[in-house]
Structure formats: C-alpha cells, structure tokens
Amino acid sequence: MGKKIVKLLIIAFVVACTYTNVLADDEIVSLITYDMQNDVWSEDFVKDGFEETVSPPENDSKVETFSIFGEDERIKIGDTTKAPYSYIGSIITLNQAEIPISEGTAWLVGDSLAITAAHNVYNTKNQPKEIIFTLGENCGKSPYGDIKVTKWHIPQQFIEQKKKEPQKTYPKYDYAILELDKPIGKKNGYFSVENTFTVFD
C-alpha cells in the first residue's frame, strides 16, 4: 500500500492505521515506528488509530488550561482512579541492563494509545529495551499496575536532528505515540483529540 499524506489543520497525530506522513505547518513530517518486541524499525503505523470523531469522556469537558497568578492554591488529588486523573500516567524507559534512562509523563488518547514527548523514548546513546506506563500513580501506589509499551512512533525529523545535535531540544517534533499492550482506555476513559484532516492518495 502506498504512503498517504494526512493534512492536519489542528495538530493531531494518528488518523488511521496506514498513514505514515502528516502535513503540519506546510511541512511533511514522516512518522516512523520502533517495534519493541521484535527490535525493528519500520514505516508501519498505528493499528489502534484514533476515531475521526471522539466523544469526550464524562469529565473531559471540565479540564481547562490555566495559569497560576498569586498564591498557588492547588491541592493534591487523593483519588487518581477518577477521571480525568485516571487518563494520566508516568513512563519509565529502561535500557538493556534494565537501568532507567528517562522518565516522563504520558496520557491516554485511545483504548490502547498514549502520547508523550519523543525525548522520553528516543535516546541517541541508549536504545530502550523496555518502556513501562503506569496510570494514576499516587504516592508509590499503582492502581492499574504496569502497562508495557509494545511500539512507539516518532517523527523522522526528531531522530535526524538529535543525531546531529544531541544536546539541543526540538519542540516542533518532540512528540511520540505509544502503543500499549492493554486496552486500558476502554476501562479508564481517555482524553479526546480534536482533529481536522484531509487525505491525499
């Protein structure tokens, strides 16, 4: 099957199972895949893709972007099994010796899909052997256990730039899509992703 170009007017990452390129800001971004189970790079894409339209989970509409002015009145969340906190987790990337090489945050965007930063999974010095996603972690407790990442997808441009200048950051391409070994989003719910796109053969 030939490659298809997906034009994203609102940046979103996955449209369907065979799309390997996205057009963002008039630039084609090639997404490539690393299969952790078989230790193989490829241009295969996500099997569990986003739906074209996603109904927001029950509490999703209550989540707003805000800034803190004056006194910080944030409080600690006691029950992380409730939405939307049950959509958010931490990831830890381990090398061949099972030593952590990076840690970060990821969040569910589908039954078995999560999004994180590319720098959390790709490292020019250490090839990740395993990535563990832990949802709703609270004071060392993991209400859903550890979920393994089976594949991840990042822009080719991020890899190319990191190889040239490993110490620099590249926010434009710094995102990754994670495929999980459990459809935990069916139980927990997930953040909706708004997207508008046009497909070209």
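With the requirement that a residue be out of contact with any strand residue (DSSP E or B) (no Cβ under 7 Å at 6 or more places or on another chain) and buried (at least 16 other Cβ atoms within 10 Å of the Cβ), what does the range 71-98 give you? Hits for the range 71-98 are A83, P84, Y85. Residues in the range 151-174 that are out of contact with any His (no Cβ under 9 Å at 6 or more places or on another chain), open to solvent by less than 70 Å² (accessible area, probe 1.4 Å) and either among the hydrophobic types (A, V, I, L, M, F, W, C) or part of a loop (DSSP other than H, G, I, E, B) (or both): W152, I154, I159, P166.
Filtered by the rule that a residue be out of contact with any Asp or Glu (no Cβ under 8 Å at 6 or more places or on another chain) and touching a residue at least 60 places away in the same chain (Cβ under 8 Å), the range 79-105 gives T81, S86, Y87. Applying a threshold of 8 Å to beta carbon distances and a minimum spacing of six or more residues, or different chains, the list of pairs starting in the range 112-141 at a residue that is within 16 Å of F191 (Cα to Cα) and at pLDDT below 90 and ending at one that is of a type in the set (F, W, Y) and open to solvent by 20 Å² or more (accessible area, probe 1.4 Å) reads G136/Y85; G136/Y144. The set of residues in the range 123-137 being over 13 Å from T105 (Cα atoms) and open to solvent by 30 Å² or more (accessible area, probe 1.4 Å) consists of N123, T124, K125, N126, Q127, K129, E130.
For the range 175-195, residues that are assigned to a helix (DSSP H, G or I), touching an Asp or Glu at 6+ places or on another chain (Cβ under 7 Å) and open to solvent by 40 Å² or more (accessible area, probe 1.4 Å) total 1.
The values are calculated or read from the model by the stated rules, or taken from the named source; none is laboratory data. This is a predicted model, so every value here is computed, not measured. We place every Cβ from the backbone using ideal geometry, glycine too, and count neighbours over all the protein chains shown. These accessible areas exclude ligands, DNA and RNA; they are computed on the full protein's heavy atoms, side chains included. Shrake-Rupley method; radii C 1.70, N 1.55, O 1.52, S 1.80 Å.
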